[in-house]
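Below you'll find the structure, written out as structure tokens, and then a few comments.
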Amino acid sequence: MDDKQLRKATPQAARLAVLSYLESVDGNISRTARVFGTKRSVVYDILKKQACGDLNDRSRAPRRQLGKTPTKSLSSQQDTRHYGISSVGADFVDNFAASSGKMPTLLL
């Protein structure tokens, strides 16, 4: 039975079968790959998964999508204010009048 037929059952069962066969042939990776019809790199990947302690498949969703703005970054951009000359002057007058009680004269 090759690796593709085993994976149709469950990927975790296929990896366990590869690991048990690898143990029975005293760690011969080439022979294990040949018997299961895979490459040696696949057997090494299964060994890495075993070392991590998780034989399940990882998510196929990309970690980062190019050209897409993350949602938390988008919400922070909506709260920003774009200051033009009129809004800067208005904010200056509001803040100065609140702090000193007098209206400033603007020299433009």
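The modelled label-to-label distance for the pair Gln50/Gln65, using points 7 Å beyond Cα in the direction of Cβ, is 3.7 nm.
Rg and Dmax over the alpha-carbon atoms of the range 3-52 stand at 9.8, 27 Å. Between Lys8 and Ser20, the distance separating the two model label sites (each 7 Å from Cα on the Cα→Cβ line) works out to 2.0 nm.
Values quoted throughout were computed directly from the atomic coordinates according to the rules given, and no laboratory measurement underlies them. From a predicted model like this one, the values you see are computed outputs, not experimental measurements. Note: ideal-geometry Cβ built from the backbone for every residue, glycine included; neighbour counts use all protein chains shown.
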